[in-house]
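Asks: Starting off with a structure, shown below.
The values are calculated or read from the model by the stated rules, or taken from the named source; none is laboratory data. Computed from a predicted structure; not experimentally measured. Note that each Cβ is placed from the backbone with ideal geometry, even for glycine, and that neighbours are counted across all protein chains shown. Surface accessibility is based on the protein's heavy atoms, side chains included, excluding ligands, DNA and RNA. Shrake-Rupley method; radii C 1.70, N 1.55, O 1.52, S 1.80 Å.
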4 protein chains.
Amino acid sequence: MPRKGLIDIQSGPSPHDIPINQVGVSQVRYPVIVFDKNGGTQHTVSTVSMYVDLPRDFRGTHMSRFIEILNKYRNGISTRNLGNIMREMKEHLSASRSFFDIEFPFFLHKHAPVSKSESLMEYICSIHGDSEMPFFTLCVNVPVLSVCPCSKQISEYGAHNQRSTITIRVQSEKIVWIEDIIALAESSASSDLYALLKREDEKFVTERSYENPCFVEDIVRNCAEKLFKIESISGFSVESTNMESIHNHAAYAKILHNFRS
Amino acid sequence: MPRKGLIDIQSGPSPHDIPINQVGVSQVRYPVIVFDKNGGTQHTVSTVSMYVDLPRDFRGTHMSRFIEILNKYRNGISTRNLGNIMREMKEHLSASRSFFDIEFPFFLHKHAPVSKSESLMEYICSIHGDSEMPFFTLCVNVPVLSVCPCSKQISEYGAHNQRSTITIRVQSEKIVWIEDIIALAESSASSDLYALLKREDEKFVTERSYENPCFVEDIVRNCAEKLFKIESISGFSVESTNMESIHNHAAYAKILHNFRS
Amino acid sequence: MPRKGLIDIQSGPSPHDIPINQVGVSQVRYPVIVFDKNGGTQHTVSTVSMYVDLPRDFRGTHMSRFIEILNKYRNGISTRNLGNIMREMKEHLSASRSFFDIEFPFFLHKHAPVSKSESLMEYICSIHGDSEMPFFTLCVNVPVLSVCPCSKQISEYGAHNQRSTITIRVQSEKIVWIEDIIALAESSASSDLYALLKREDEKFVTERSYENPCFVEDIVRNCAEKLFKIESISGFSVESTNMESIHNHAAYAKILHNFRS
Amino acid sequence: MPRKGLIDIQSGPSPHDIPINQVGVSQVRYPVIVFDKNGGTQHTVSTVSMYVDLPRDFRGTHMSRFIEILNKYRNGISTRNLGNIMREMKEHLSASRSFFDIEFPFFLHKHAPVSKSESLMEYICSIHGDSEMPFFTLCVNVPVLSVCPCSKQISEYGAHNQRSTITIRVQSEKIVWIEDIIALAESSASSDLYALLKREDEKFVTERSYENPCFVEDIVRNCAEKLFKIESISGFSVESTNMESIHNHAAYAKILHNFRS
């Protein structure tokens, strides 16, 4: 007879007859290595969620196994082994479906447009996997500058402008590089941002953005137009949130195309 | 010829041939009046998003009109006039579809279980409307207490327990009262919470919850079982997030039933 | 002999010989009524912290008494009875010092500068009381628009601008109206913000702000200059955080004057 | 005559006669390398603020120089070169005082108490430097488990417990290791936390914590008692926030000792 302390009541029968779509751990913080497009890697820190489905006849899943799987990959959780992690989740948790979400800051070296001064920009990214889908969903958040075309048009001088965040989600069975999505988004607004701008750069960015005003609607359409041309992308969602500098709220727009949520 | 300052370039043609799914304002903060089940009202503060669709041949929407509509109802934005607001959005913005999201804290007077001491509990709620759907989606977040059945079973004494948040979303063409969803959720965990407990209440809550341990899986199944019985609810989603007291992450479970997102 | 369940171990001796500076409840959510300068009131929702000191010879305080005091005032917690609440905290908790912090959104009706269209603006405020001090500390956060003077100066056209948040804390033994601090801050940046601007207002705000560029340093100095002139204010702190539209970080400045923290 | 674009108006005279206490950049995100007590390093991601004072006769500081200094150390910003960074800030910005704040997640390998299973725990840390002070202030946030002594005492069985966060700030002219502060905090509550616990570990943690109940007051006193014994620490602040599992708010306590803020 087992000791009181070792009965596995999670594996016992469920008093309900209801299957659970997703059960697991969330808000797990873990270091992660992300592969760059140029063949290098970067060390960053992630927030992870891991779920499986649970049939109607089991009372509970085994929460510690999720962390055991994560721990096994702790010296190299990367965008390359998410597929393996999701397969192990199904196996070790006797599940028919597994879900994996990971969010992390990604850094890019950028050069200021005139002085070429180098600095780092942060982009919050996430990857979502669902074992029932043939693709991963990559999400990239790109802060940009937007100058209001209406304000420019109606004013004798000046134009209100602000920081905007473009959020692009792409679904593809092939590798999509974070760097490519960032470049696509940064070329779809009035200007991209930099951590370090010297005076000559500030002049350049101010003038370039004034010459290139765009509404929140223009930003998402500019992005969508480019995303349509990437054949390997089966579906996408593109959003922009403009932190209006003349209001205390945001302007927002979203385009969906064959996006499966 | 119009003055430079008054040209309406938003109404001009779009250089793209791409329709936009949602465009409008987000993160708008506004006072709101919410109707209680018992016929009263409560004043609270909300965060609002208002979007419409935009056809391929218009460059932009008119952002100020969203706020004008909101402003018209400012002495009484309530769960009762969301339908009217959404109709006005379609009319005044020449759109074929409108979306309205409103989130607000809702307070309930509760009596402690033994001393009957009265206090207020806060529940974060939101209502989501989509003019294409015949229903509103009501979302209610309910903090509860969960005692771990495994920890109780395997330990000589004690059992780890923690605050959990149950998030229920229901879709219905009829009125669903926030109070009823709260009651449903609070009876589905080890115990409900109170802002004010005297010593005799604390004893009662501790013992009741120890007698009634539940996994995160049990919580969502307990809720789902009750939601299935409410005929007017066409679809629902129920989630629970347990802020594990023995870990630095959360345990999570989710059941979906005919839920349209 | 008392039942096991009713022993008051908080009042028992402390195994340590260490006094505690602050002990109590935090993150308490409660509706609150705030008095307007014009004699009216507004209903809003607050987050409250209530602490007392605890001498070295007591093991614990009585947490439920904080909520009981708050509950007593639940139909009218206001800036007018904070002094009474703090006196009751000392009495009912046998403490020599009490602290009370309350944070809430405050709304102001504003008229757009040209069209006079009315809308509501939100300002996050807080009040901090310490029974050892003869004053309350009022904190008001005011979102404004800042146009960069350097960008304007060096560029052929345009100038980067962005939303900034001015945070003013004032200490006074007399009543200081939130509305007066808001007006002081809004007149210290390139322009104030509005929830609703028609096209003629947008032109006005764009041009006014371009004519009135200011660095983050100018903003805090403009505020400080005005605060120095208010005799009833014994000390203040003024900060500005500019959410730079050309960078992904903020510019920040702070001036302190006889401020007691 | 300088081109319009290159005038340095920041260096021009200030229209006010008011010195600024702190001016610079905040919310800068940057990768950072942190040195471990055992001689190793870990790569993590930080949020940085850098400020200097500004005399009454200068209109503005030079924001880009802060990022240039940060950038110079980008392959090795560490707790070891903060002093150098602060000296360079004073030099390159012609300031008499500099401030540096850096916050980052720090990870520790932990072994479960019985099974010895290994996992990673995250602790949010920050370091604050002020060139006028002979010390750095190290802040470490440590999540722990707290079992309520009152609930245990008055109840026939069980005891409510919850996750608490201990926040310790120490000021010292010598090196204080993050690992030592974590150990000090984790031994001051009912139990420490783990990312991975097998069934035998869960039994151990449940029973150990039930045997070792502690109020929020006990936690801060337990920490303070240990901090008093570390001679190199000149001042400290210790706080605990218990996310009460029977309430929807937190219990809080704080002890200050010779802490300079």
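Asks: What do you reckon, is residue D:60 free of Cβ contacts under 8 Å to residues at least 60 places away in the same chain, over 16 Å from the mean Cα position of the chain (by Cα) and over 22 Å from residue C:249 (Cβ atoms)?
Replies: No, not satisfied.
Asks: Here's a follow-up. Against the conditions (1) facing chain A (nearest Cβ under 9 Å); (2) out of contact with any strand residue (DSSP E or B) (no Cβ under 6 Å at 6 or more places or on another chain); (3) modelled with pLDDT of 90 or more, where does residue D:18 fall short? Just the number, please.
Replies: Only one criterion is unmet by residue D:18, namely (1).
Asks: Do any strands (runs of 3 or more DSSP E) entirely within region D:77-189 hold 2 or more residues that are hydrophobic (A, V, I, L, M, F, W, C), out of contact with any helix residue (DSSP H, G or I) (no Cβ under 7 Å at 6 or more places or on another chain) and within 14 Å of another protein chain (Cβ to nearest Cβ), and if so, which?
Replies: Numbers: elements: D:98-111, D:118-130, D:136-147, D:161-172.
Because the criterion is at least 2 residues that are hydrophobic (A, V, I, L, M, F, W, C), out of contact with any helix residue (DSSP H, G or I) (no Cβ under 7 Å at 6 or more places or on another chain) and within 14 Å of another protein chain (Cβ to nearest Cβ), the strands (runs of 3 or more DSSP E) in region D:77-189 that meet it are D:98-111, D:118-130.
Asks: Do you know which residues across region C:139-167 are among the hydroxyl-bearing types (Ser, Thr, Tyr) and either in contact (Cβ under 8 Å) with a residue 40 or more places away in the chain or open to solvent by less than 10 Å² (accessible area, probe 1.4 Å) (or both)? Working first, answer last.
Replies: Filtering region C:139-167 for residues among the hydroxyl-bearing types (Ser, Thr, Tyr) gives C:146, C:151, C:155, C:157, C:164-165, C:167.
Selection gives C:146, C:151, C:155, C:164, C:165, C:167.
Asks: Also: Could you identify the single residue in D:220, D:216 that is in contact (Cβ under 8 Å) with a residue 60 or more places away in the chain and either touching a strand residue (DSSP E or B) at 6+ places or on another chain (Cβ under 9 Å) or under 30 Å from residue C:47 (Cβ atoms) (or both)?
Replies: So the residue among D:220, D:216 that is in contact (Cβ under 8 Å) with a residue 60 or more places away in the chain and either touching a strand residue (DSSP E or B) at 6+ places or on another chain (Cβ under 9 Å) or under 30 Å from residue C:47 (Cβ atoms) (or both) is D:216.
Asks: Could I ask something else about it? If you check residue B:46 against the conditions, is it in a strand (DSSP E or B), among the polar types (S, T, N, Q) and either within 14 Å of chain C (Cβ to nearest Cβ) or in contact with a Lys or Arg (Cβ under 9 Å, 6 or more places away or on another chain) (or both)?
Replies: When the stated conditions are applied, residue B:46 passes them.
Asks: Hey, does region D:168-175 have a residue that's under 16 Å from residue D:210 (Cβ atoms), without any contact (Cβ under 8 Å) to a residue 60 or more places away in the chain, open to solvent by 20 Å² or more (accessible area, probe 1.4 Å) and out of contact with any strand residue (DSSP E or B) (no Cβ under 7 Å at 6 or more places or on another chain)?
Replies: no
Asks: Further, regarding this structure: Starting from region A:20-45, keep only residues that are at negative phi, then list their pairs with residues that are among the acidic types (Asp, Glu) and open to solvent by less than 10 Å² (accessible area, probe 1.4 Å) whose Cβ atoms are within a distance under 9 Å, requiring at least 6 positions of separation or different chains.
Replies: Pairs that qualify, where the first residue is at negative phi and the partner is among the acidic types (Asp, Glu) and open to solvent by less than 10 Å² (accessible area, probe 1.4 Å), are A:20/B:217; A:23/B:217.
Asks: Looking at region D:49-63, which of the residues that are surrounded by 23 or more Cβ atoms within 10 Å (Cβ to Cβ) and under 19 Å from residue A:118 (Cα atoms) is farthest from the other protein chains (Cβ to nearest Cβ)?
Replies: Looking at residues that are surrounded by 23 or more Cβ atoms within 10 Å (Cβ to Cβ) and under 19 Å from residue A:118 (Cα atoms), I get D:50.
Asks: Turning to a different aspect of this structure: Just to be sure, is residue D:233 in contact (Cβ under 8 Å) with a residue 40 or more places away in the chain and over 28 Å from residue B:145 (Cβ atoms)?
Replies: Considered against the rule, which asks whether it is in contact (Cβ under 8 Å) with a residue 40 or more places away in the chain and over 28 Å from residue B:145 (Cβ atoms), residue D:233 comes out as yes.
Asks: Another question about this same structure. Looking for whichever is within 10 Å of another protein chain (Cβ to nearest Cβ), touching a helix residue (DSSP H, G or I) at 6+ places or on another chain (Cβ under 6 Å) and either surrounded by fewer than 23 Cβ atoms within 10 Å (Cβ to Cβ) or at pLDDT 95 or above (or both) here; the options are A:244, A:202, A:211. Which one fits?
Replies: Just one listed residue meets the conditions, A:202.
Asks: May I ask you to say which residue of C:195, C:253, C:189 is surrounded by 24 or more Cβ atoms within 10 Å (Cβ to Cβ) and farther than 24 Å from residue C:108 by Cα?
Replies: C:253
Asks: Here is a list of conditions, (1) more than 14 Å from chain D (Cβ to nearest Cβ); (2) part of a helix (DSSP H, G or I); (3) open to solvent by 10 Å² or more (accessible area, probe 1.4 Å), and residue A:13 meets all of them except one; can you say which number that is?
Replies: Result: residue A:13 fails condition (2) only.
Asks: Going by what's in this entry, would residue B:58 be described as of a type in the set (A, V, I, L, M, F, W, C) and in a loop (DSSP other than H, G, I, E, B)?
Replies: Considered against the rule, which asks whether it is of a type in the set (A, V, I, L, M, F, W, C) and in a loop (DSSP other than H, G, I, E, B), residue B:58 comes out as yes.
Asks: Is it true that some residue in region D:28-43 is in a strand (DSSP E or B), within 30 Å of residue A:110 (Cβ to Cβ), open to solvent by less than 40 Å² (accessible area, probe 1.4 Å) and at pLDDT 95 or above?
Replies: yes
Asks: Inside region B:75-118, can you point out the residues that are closer than 22 Å to residue B:167 by Cβ, open to solvent by less than 20 Å² (accessible area, probe 1.4 Å) and of a type in the set (A, V, I, L, M, F, W, C)?
Replies: Of everything in region B:75-118, those that are closer than 22 Å to residue B:167 by Cβ, open to solvent by less than 20 Å² (accessible area, probe 1.4 Å) and of a type in the set (A, V, I, L, M, F, W, C) turn out to be B:82, B:100, B:102, B:104, B:106, B:107.
Asks: Something else: Please name all residue pairs, on different chains or six or more residues apart, with Cβ atoms under 9 Å, provided the first residue is in region C:116-131 and is under 27 Å from residue A:246 (Cα atoms) and the second residue is open to solvent by 40 Å² or more (accessible area, probe 1.4 Å) and among the acidic types (Asp, Glu).
Replies: Every condition considered, the pairs that remain are C:117/B:68; C:119/B:68; C:124/C:103; C:125/C:103; C:126/C:101; C:126/C:103.
Asks: Would you point out which residue out of D:225, D:231 is open to solvent by 30 Å² or more (accessible area, probe 1.4 Å), assigned to a loop (DSSP other than H, G, I, E, B) and more than 14 Å from chain B (Cβ to nearest Cβ)?
Replies: D:231
Asks: Going through C:217, C:239 one at a time, which residue ends up being of a type in the set (D, E, K, R), touching a helix residue (DSSP H, G or I) at 6+ places or on another chain (Cβ under 9 Å), open to solvent by 10 Å² or more (accessible area, probe 1.4 Å) and within 10 Å of chain D (Cβ to nearest Cβ)?
Replies: Of the residues listed, the single one that is of a type in the set (D, E, K, R), touching a helix residue (DSSP H, G or I) at 6+ places or on another chain (Cβ under 9 Å), open to solvent by 10 Å² or more (accessible area, probe 1.4 Å) and within 10 Å of chain D (Cβ to nearest Cβ) is C:239.
Asks: Tell me yes or no: at least one residue of region D:197-207 is in a loop (DSSP other than H, G, I, E, B), in contact (Cβ under 8 Å) with a residue 40 or more places away in the chain and closer than 21 Å to residue B:149 by Cβ.
Replies: The answer is yes, given that some residue of region D:197-207 is in a loop (DSSP other than H, G, I, E, B), in contact (Cβ under 8 Å) with a residue 40 or more places away in the chain and closer than 21 Å to residue B:149 by Cβ.
Asks: OK, next. Looking for something in a strand (DSSP E or B) and within 14 Å of chain D (Cβ to nearest Cβ) - is there at least one such residue anywhere in region B:252-260?
Replies: No - not one qualifying residue is present in region B:252-260.
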